[in-house]
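Undergrad: I am attaching a structure below and will ask some questions about it afterwards.
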Amino acid sequence: MTKYRVNVFFRVIKSKNMMLSQEDLRQIASKGITEQQIATQLEEFKTGFPFLKLEAAAAIGKGIIAPDEQEREQYVKAWEEYKAAGSDIVKFVPASGAASRMFKDMFAFLSADYDVPTTAFEKTYFDNIHKFAFFGELDKACKLACGKGVDQLIEAGEYKAVVDCMLGEKGLKYGRLPKGLLLFHNYEDGARTPVYEHLVEAALYASSKGKAYVHFTVSQEHLDFFKEEVAKDVEKCQEKFGITYDVSFSVQKPSTDTVAANPDNTPFRTADGKLLFRPGGHGALIENLNEIAADVVFIKNIDNVVPDKLKGDTVTYKNLIAGVLVSLQKKAFEYLEVLDSGKYDHEKLEEIIHFVQRDLCCRKSDIKLLEDAELVIYLRGKLNRPMRVCGVVKNVGEPGGGPFLTYNQDGTVSLQILESSQIDKSNAEYQKMFTEGTHFNPVDLVCAVKDYKGNRFNLPDFVDKTTGFISSKSKDGKELKALELPGLWNGAMSDWSTVFVEVPLSTFNPVKTVNDLLREQHQ
């Protein structure tokens with residue numbers, strides 16, 4: 001960094017009452033973040049992010065496809081043929097989330113002024129403790145730490161000792177481990193973690209040429225634990241399915257962290273006077289996804305897994321949405337070749353318009369005003385971009401985002417996955433769309449990330465940077481404002497071609513609390 005650039009930056013920051021020191025600048029540079037990024041982030045704290053303009057909530061026949069039995073068979077066949085051709089397929093699993101939120105109620109029990117289960121949640125946990133897949137390991141941990149097994153501790157009224165052995169350092173350490181490494185499901189040959197279940201899934205729908213590629217995004221502190229777990233699981237899965245695995249890992253890049261701010265929008269500082277940086281949210285993973293060398297990438301959250309006996313629907317519909325993807329991609333590629341050749345008439349352009357509007361659900365109200373040359377440029381832009389097909393489930397009141405028809409910055413209307421923070425709650429019409437929407441986003445994506453010439457798209461080029469959001473957090477008892485980047489399946493994929501397909505609720509079984517593991521889908 002030259003002296004001139006430092007001085008210029010000081011003038012920019014000083015003019016906004018946000019003075020940064022030379023030490024701040026060194027800290028910023030060490031993370032691979034530019035000074036302009038910090039200036040932009042601090043300005044975003046002041047201005048906030050605009051709400052999105054909505055046309056409607058997506059529904060069956062209005063942006064969401066519900067294939068009939070014959071169509072389902074055709075799509076599954078299309079995917080099987082695509083895999084047989086030897087394309088590169090990767091299963092991408094965001095797995096860096098800590099499990100601490102799963103145990104929020106049990107942490108509260110540890111700090112409560114009572115010693116026996118009192119709330120409905122606590123009673124459910126202890127009444128069903130033998131049903132948890134981790135019971136065997138917990139029983140061993142209790143005997144080592146306390147000299148008594150789980151049942152003996154409960155009989156003695158030492159309920160908190162049991163919870164402490166589950167969460168604490170002298171036991172299973174579940175209070176600080178990531179979800180991916182917890183024991184979720186019981187089998188005759190031993191309990192399985194979500195990591196194991198994802199390896200099994202990869203063999204069932206995402207393997208090609210006798211090989212399955214799986215990529216986990218993890219936190220740096222848990223990387224060695226994941227590698228150890230995968231080393232054990234891969235050996236078992238390879239023997240079971242007769243394929244080989246190529247498992248890779250990545251961590252969220254420091255350059256995607258965002259600076260925290262005080263309530264007055266000045267930089268937040270820690271007790272030692274340093275700037276506080278926070279992870280930029282799952283939207284930062286677009287950088288990790290961008291480095292995946294594949295034709296097709298499946299994306300699914302780490303905690304949405306079920307035992308083998310219930311995997312049938314998951315596998316069927318993963319094959320189906322992948323078949324929808326490669327069928328649409330094939331057609332888009334054919335049309336791009338036509339546009340490249342220059343051998344088309346107005347009737348052919350009308351056919352391509354129909355495909356973009358009907359099949360890719362992207363509309364432009366004034367498209368008829370475009371001259372043929374302008375029309376070709378527009379169509380090429382909408383066809384030559386990353387594509388994703390997203391499974392959506394019927395809305396059953398789970399918290400999270402949903403599918404919408406949304407206005408884009410270029411004036412077009414297309415399908416997007418939105419979170420509640422992106423919607424203006426003061427707009428009664430929008431609020432009704434969100435609360436009465438028929439479908440929900442379970443994070444069930446399959447993505448095509450190469451262009452029609454076989455080149456990888458640079459995925460950050462397709463991010464809508466105006467779709468980040470600001471939340472309230474705290475650090476050492478002090479309030480702060482945190483900035484999250486556009487979400488991975490929200491703004492980070494805003495300028496992709498998006499198609500929604502209805503999938504059954506049986507494919508959506510997230511684990512948000514430890515007691516969710518007691519649901520029949522996880523037993």
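Undergrad: Only one of (1) surrounded by fewer than 16 Cβ atoms within 10 Å (Cβ to Cβ); (2) touching a Lys or Arg at 6+ places or on another chain (Cβ under 9 Å); (3) without any contact (Cβ under 8 Å) to a residue 24 or more places away in the chain fails for A161. Which number is that?
TA: Among (1) surrounded by fewer than 16 Cβ atoms within 10 Å (Cβ to Cβ); (2) touching a Lys or Arg at 6+ places or on another chain (Cβ under 9 Å); (3) without any contact (Cβ under 8 Å) to a residue 24 or more places away in the chain, A161 violates only (1).
Undergrad: If you don't mind, another one. Inside segment 55-102, can you point out the residues that are under 30 Å from K364 (Cβ atoms) and open to solvent by less than 30 Å² (accessible area, probe 1.4 Å)?
TA: A56, A57, A58, A59, G63, I64, P67, A78
Undergrad: May I pose another question? Test of understanding: among L153, L138, L52, which residue is surrounded by 18 or more Cβ atoms within 10 Å (Cβ to Cβ) and part of a loop (DSSP other than H, G, I, E, B)?
TA: L52
Undergrad: Return the total of residues in segment 246-276 being assigned to a loop (DSSP other than H, G, I, E, B) and not hydrophobic (A, V, I, L, M, F, W, C).
TA: 12
Undergrad: Filter segment 214-245 down to the residues that are among the acidic types (D, E) and either in a loop (DSSP other than H, G, I, E, B) or open to solvent by 60 Å² or more (accessible area, probe 1.4 Å) (or both) and list them by number.
TA: E221, D224, E228, E235, E239
Undergrad: Do the conditions hold for K394, that is, is it surrounded by fewer than 16 Cβ atoms within 10 Å (Cβ to Cβ) and within 22 Å of A322 (Cα to Cα)?
TA: Taking the combined requirement at face value, the residue satisfies it.
Undergrad: Out of the residues in segment 409-429 that are open to solvent by less than 30 Å² (accessible area, probe 1.4 Å) and of a type in the set (S, T, Y), which is farthest from V90 (Cα to Cα)? Please lay out each step first, then the result.
TA: Filtering segment 409-429 for residues open to solvent by less than 30 Å² (accessible area, probe 1.4 Å) gives 412-418, 422-423.
Subsequent filtering for residues that are of a type in the set (S, T, Y) retains 412, 414.
Working: T412: 31, S414: 26 Å.
Going through the qualifying residues, I end up with T412.
Undergrad: Separate question: With respect to D495, is the statement that it is open to solvent by 50 Å² or more (accessible area, probe 1.4 Å) and either among the hydroxyl-bearing types (S, T, Y) or outside any strand (DSSP E or B) (or both) true?
TA: yes
Yes/no per residue for (1) more than 16 Å from the chain's Cα centre (by Cα); (2) farther than 24 Å from G283 by Cα; (3) modelled with pLDDT of 95 or more:
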| residue | (1), (2), (3) |
| --- | --- |
| G381 | yes, no, yes |
| V396 | yes, yes, no |
| G400 | no, no, no |
| P403 | no, no, yes |
| Q416 | no, no, yes |
| E429 | yes, yes, no |
| F440 | no, no, no |
| D451 | yes, no, yes |
| F457 | yes, no, yes |
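The values are calculated or read from the model by the stated rules, or taken from the named source; none is laboratory data. Values in this document were obtained by computation on a predicted structure and should not be read as measured data. Quick reminder, even Gly has a Cβ in these numbers, built from the backbone with ideal geometry, and neighbours come from all protein chains shown. The protein model used for the area step is the full one, side chains on, heavy atoms only, and it has no ligands, DNA or RNA in it. Shrake-Rupley method; radii C 1.70, N 1.55, O 1.52, S 1.80 Å.
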